Structures are given as C-alpha cells and as structure tokens.
Amino acid sequence: MIYPLGYEEEIGNFAVDHLYYEDGIYLKLLLVIPDADYKTTMIRTGVKELTEKETTDISEANETRVETLTDEVKLRRLELKATLGMSLTTEELDAIDITKPDSIFGTSKILADKIVDLKAKEIKGK
C-alpha cells in the first residue's frame, strides 16, 4: 500500500477508526475523521472524501458481523449443568438467549456500527 506524502501527520493521526478493503485489484484504506478535525488539505491525489452513506455502504459490503462470546466461563458452567441433567434457571436461560440484555453472546461491530456509536458519542458530548 502506498501512502500519500505526509499521510501520518496530516491525515492518519486524525482518524478515529479505519477499514482496509479490496476494491478490484487495489487494497484501499478508509479512515473515519471527525468533522471537527477535517481539513480540505487532506484531499489530494490518491485521497478521496466519502460521504457517511458511501462509507457505511463500503463497510456493509466488505465486513461481516459475527456472533461473539462474552463470558466463556459462564457458558462452560451452563453446559456442564445441562450435561448433568440439571434444570437451568430463568436467569441462566436468559444468559444463552442473544436477544436478552444479559446474554453471554453478542455481535461484533463493523465500521458502519462504529460510526453510529461515534456520532452518538459526539452528540452526547455537545
């Protein structure tokens, strides 16, 4: 990957998140830079400004949300209890239901999700 001259100090240091993705034969880097830090001098040969919609579309097309496990110890305990034929409590059943707030399962975030979080945080901070 070839970075533009002065990339780190003039562009890269302002990024709050990023995504590497392939576009045909090229590997591209998408950076999320807050409006407050944006400067028109960041746009130059090899650097293109994208809208939020274009950014989230690229993220959705190139990334996959996956299920995550947040508490493996608890999962093993529940697994052992079920294997021994013991009944699970409502709280334990909720822990293995991804739709419940106290679930030990979650979903990873892609850049599109992180942008929503960054915007909410920015609005909250104003």
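Here are the numbers for the structure shown:
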read-out	value
Flagged links, alpha-carbon separation over 24 Å, of Lys74/Lys114; Lys39/Lys121; Lys28/Lys114; Lys28/Lys121; Lys28/Lys124; Lys53/Lys119	Lys74/Lys114; Lys28/Lys121; Lys28/Lys124
Equivalent ellipsoid dimensions for the range 7-64 as semi-axes, Å, which come from the Cα gyration tensor, largest first	20, 13, 10
Helix 72-83 axis, angle to the chain major axis (alpha carbon atoms, nearest 10°)	30 degrees
Read-out Rg/Rh (Cα atoms, Kirkwood Rh), derived from the coordinates shown; its label in (i) 0.97; (ii) 1.16; (iii) 1.14	(ii)
HN-Hα J in Hz across the range 100-112 - Karplus 6.51, -1.76, 1.60, θ = phi - 60°, x for Gly and Pro	8, x, 9, 5, 8, 10, x, 10, 5, 9, 9, 4, 4
Amide H within-cut-off set for Asp17, under 5 Å, with H built and near neighbours excluded	Val32
Choice from Glu49, Glu67, Glu91 with maximal GNM fluctuation in the chain (Cα, 10 Å cutoff)	Glu91
For the range 8-126, size of Cβ-based charge dipole, Lys and Arg +1, Asp and Glu -1, in debye	180 debye
Gain upon complete extension [Val47, Val16; 0.36 nm per residue less C-alpha separation]	9.5 nm
Under 20 Å from Lys100, Cα to Cα: aspartates and glutamates that are on another chain or at least 8 residues apart	Glu67, Asp71, Glu72, Glu79, Glu91, Glu92, Asp113
Residues whose placed amide H lies under 5 Å from that of Phe105, excluding near-sequence neighbours	Thr70
Selection from Tyr7, Ala95, Thr64, by position along the positive dipole direction of the chain (Cβ)	Ala95
Contour excess over end-to-end distance, with Cα ends at Arg65 and Ser108 and 0.36 nm allotted per residue	15.0 nm
Pairwise centroid distance, computed over Cα atoms, of the range 46-72 with the range 1-23, Å	16 Å
Spacing of the two label points (7 Å from each Cα toward its C-beta) at Asp35 and Leu5, in nm	3.2 nm
Lys, Arg +1 and Asp, Glu -1 on Cβ, resulting dipole of the range 77-126 about Cα centre, debye, nearest 20	400 debye
Asp23-Glu72 pseudo-label distance in nm [points 7 Å out on the Cα-to-Cβ vector]	3.8 nm
Whole-angstrom Cα spans of the range 67-107 along principal axes, big to small	29, 18, 11
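FYI, it's all coordinate maths here, none of it is from the lab. None of the values given here were measured: they were computed from a predicted structure. Glycine gets a Cβ as well: all are built from the backbone with ideal geometry, and neighbour counts include every protein chain shown.
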